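Have a look at the structure below before the remarks.
The values are calculated or read from the model by the stated rules, or taken from the named source; none is laboratory data. Just so it is clear, the model here is predicted, and its values are computed rather than measured. Cβ: placed from backbone, ideal geometry, glycine included. Neighbour counts: every protein chain shown. What goes into the accessible areas is simple: the full protein's heavy atoms, side chains included, and nothing from ligands, DNA or RNA. Shrake-Rupley method; radii C 1.70, N 1.55, O 1.52, S 1.80 Å.
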Amino acid sequence: MQSATALKPAIAGREHWTHNGDAELFLWQKAPEAGAPSGTVLFVHGSSMASQPTFDLQVPGRPWSSAMDYFVDKGFETWTVDMRGYGRSDKRPGTQATIAEGAQDLVAATDYILKTRDCGPLYVYGISSGALRAAAFTERCPDRVKRLALDAFVWTGEGSHTLENRRKKLPDYRAGERRPIDKAFVYSIFNRDHPGTAEDKVIEAFADGILALDDSMPNGTYIDMCTNLPVIDPTRIPVPALVMRGEYDGIAGFDDLVEFFKRLPNSDKQFAMMPGISHASFQQKNYMLVLHILHAFFTQPEPIYRG
């Protein structure tokens, strides 16, 4: 039986707008109603869906389906942003939405958040290519990141079955700026690695949320991940970091991530293997495990002795 707290109504959000140059960026904020927040979390989406379906998904009868609602209930202020080419942000022709451009969008978004809220360094979570964007942003602006969580991350691409298959379609990605998506594509995210890790009702709600905002996605991150890896230098990420990997995730090669983890310079770091999970962690049957791991990392006491 689910607790009454977990099944309470969705928390109200507020939309914001800022710019990266002349490109308009959409931001979504949810915050506690009263009192100073415990901290501010910035969620960074991946290659094939905008921010709100990923981090603020509402599924009837599924407690804390929205990661943003979960963290607000824990006392955090939460933000997410649509990268250029996604959701409600600028989708003009010529938008490649590369990983580097995503990092630039995060600089612009955090310019706005830090100015608007005066909240200090952020807790940053990125998933899949969003993890690459978040890591690239951290390399550029480490002073803006208090703790960094990288989920479904890929470093060199070694051992990534998903990228191996994706490279077969590389000529198609290079031929156009965007690729069409539909409900069958969204289902393929959950069925390509290990079918059964997500409930159909959740996949349906996720697909409906994605397709309400987009019927195609930019190819920039796909091309980057197929041809340009590694794009992140772990030695340039000085902040406390968490690397999260789903047991069945075909994009995040285990050995590749271990080698990345070894090179992270801050001894305040963790590697979390998440059982029964493939890709799209917050939409999995074991999503509460993901939320627990992330919350524990974000609320971990700072070390008072370093030796």
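Placing unit charges on the Cβ atoms of the charged side chains and taking the dipole of the chain about its Cα centre, the candidate lying farthest along the positive direction among 180, 131, 89 is 131. The largest accessible area among 125, 248, 173 belongs to the first residue in 248, 173, 125, and the rest follow in falling order (1.4 Å probe, all chains). Take the Cα of residue 156, step 7 Å toward its Cβ, do the same at residue 236, and the gap between the two points is 1.8 nm.
Computed with every protein chain present, the accessible area of residue 227 is close to 50 Å² [probe 1.4 Å].
Pairs 183/285; 169/201; 8/269: which are spaced more than 27 Å apart, C-alpha to C-alpha? Correct reply: 169/201; 8/269.
Tally Lys and Arg at +1 and Asp and Glu at -1 over the other residues with C-beta under 15 Å from the C-beta of residue 246: what net charge comes out?
Details: positive: 192, 245, 285; negative: 151, 193, 247, 249, 256.
Net of charged neighbours comes to -2.
Rounded to the nearest 20 debye, the dipole magnitude of region 193-234 is 100 debye, with +1 charges on Lys and Arg beta carbons, -1 on Asp and Glu beta carbons, and the Cα centre as origin.
With a/c under 1.5 counting as rounded, go ahead and sort region 141-217 into rounded, prolate or oblate using the C-alpha gyration tensor (a ≥ b ≥ c being the square roots of the eigenvalues; past the cut-off, prolate if a/b is larger than b/c, else oblate). Don't skip to the end; give the middle numbers.
Values: a/c = 1.39, a/b = 1.17, b/c = 1.19.
Cα axes put region 141-217 in the rounded bin.
Along the axis of the charge dipole computed for region 120-209 (Cβ charges of +1 for Lys and Arg, -1 for Asp and Glu, origin at the Cα centre), the listed residues 148, 170, 206 are led at the positive end by 170.
Going by accessible area, probe 1.4 Å, with all protein chains left in place, what is the ranking of 172, 182, 249, largest first?
Numbers: 172 110, 182 80, 249 5 Å².
Ranked list, largest accessible area first: 172, 182, 249.
Surface calculation, 1.4 Å probe, protein heavy atoms: residue 194 sits at approximately 70 Å² accessible.
Using a cut-off of 19 Å between Cα atoms, the listed pairs 30/74; 91/146; 168/262; 30/115 include 91/146; 168/262 as exceeding that distance. Per-residue 3J(HN,Hα) values for region 244-252, derived from phi via the Karplus relation 6.51 cos²θ - 1.76 cosθ + 1.60 with θ = phi - 60°, read 10, 9, x, 3, 10, 5, x, 8, 9 Hz in sequence order (x marks Gly and Pro). Residues whose amide H falls under 5 Å from that of residue 216, counting only those 5 or more places apart or on a different chain, are 181, with hydrogens built in the peptide plane. The sum of -39500 (n - 2.57) across all DSSP H runs of n ≥ 4, divided by the residue count of the chain, sets its helix-only mean residue ellipticity at 222 nm to -10000 deg cm²/dmol. Starting from the Kirkwood radius over alpha-carbon pairs of the chain, derive D by Stokes-Einstein at 20 °C in a medium of 1.002 mPa s and give it in µm² s⁻¹. Rounded to a whole number, D works out at 111 µm²/s.
How would 64, 79, 17 line up by accessible area, probe 1.4 Å, largest first? Can you show the working numbers first?
Numbers: 64 35, 79 0, 17 90 Å².
Descending accessible area places them as 17, 64, 79.
Taking every protein chain into account, the accessible area of region 51-92 amounts to 24 square angstrom per residue (probe 1.4 Å).
The mean sequence separation of alpha-carbon pairs under 8 Å and at least six residues apart, normalised by the residue count of region 139-267, gives a relative contact order of 48 percent.
Helices from the chain with mean Kyte-Doolittle at least -1.0 and a Cα length along the axis of 18 Å or more, per DSSP H: which?
Correct list, ordered by number: 99-117.
Summarising the amide proton neighbourhood of residue 279: residues at separation of 5 or more, or on other chains, whose placed amide H is nearer than 5 Å comprise an empty set.
Relative to the Cα centre, the charge distribution of the chain, modelled as +1 at Lys and Arg Cβ and -1 at Asp and Glu Cβ, gives a dipole magnitude of about 220 debye. Look at the dipole of the chain built from charges on Cβ: of 189, 303, 45, the Cα furthest out on the positive end belongs to 303.
Here region 148-266 is assigned +1 on the Cβ of each Lys and Arg and -1 on the Cβ of each Asp and Glu. Its dipole about the Cα centre then comes out at about 380 debye. Simple spin-label estimate for residue 168 and residue 300 gives 3.9 nm between the two label positions (7 Å along the Cα-to-Cβ direction from each Cα).
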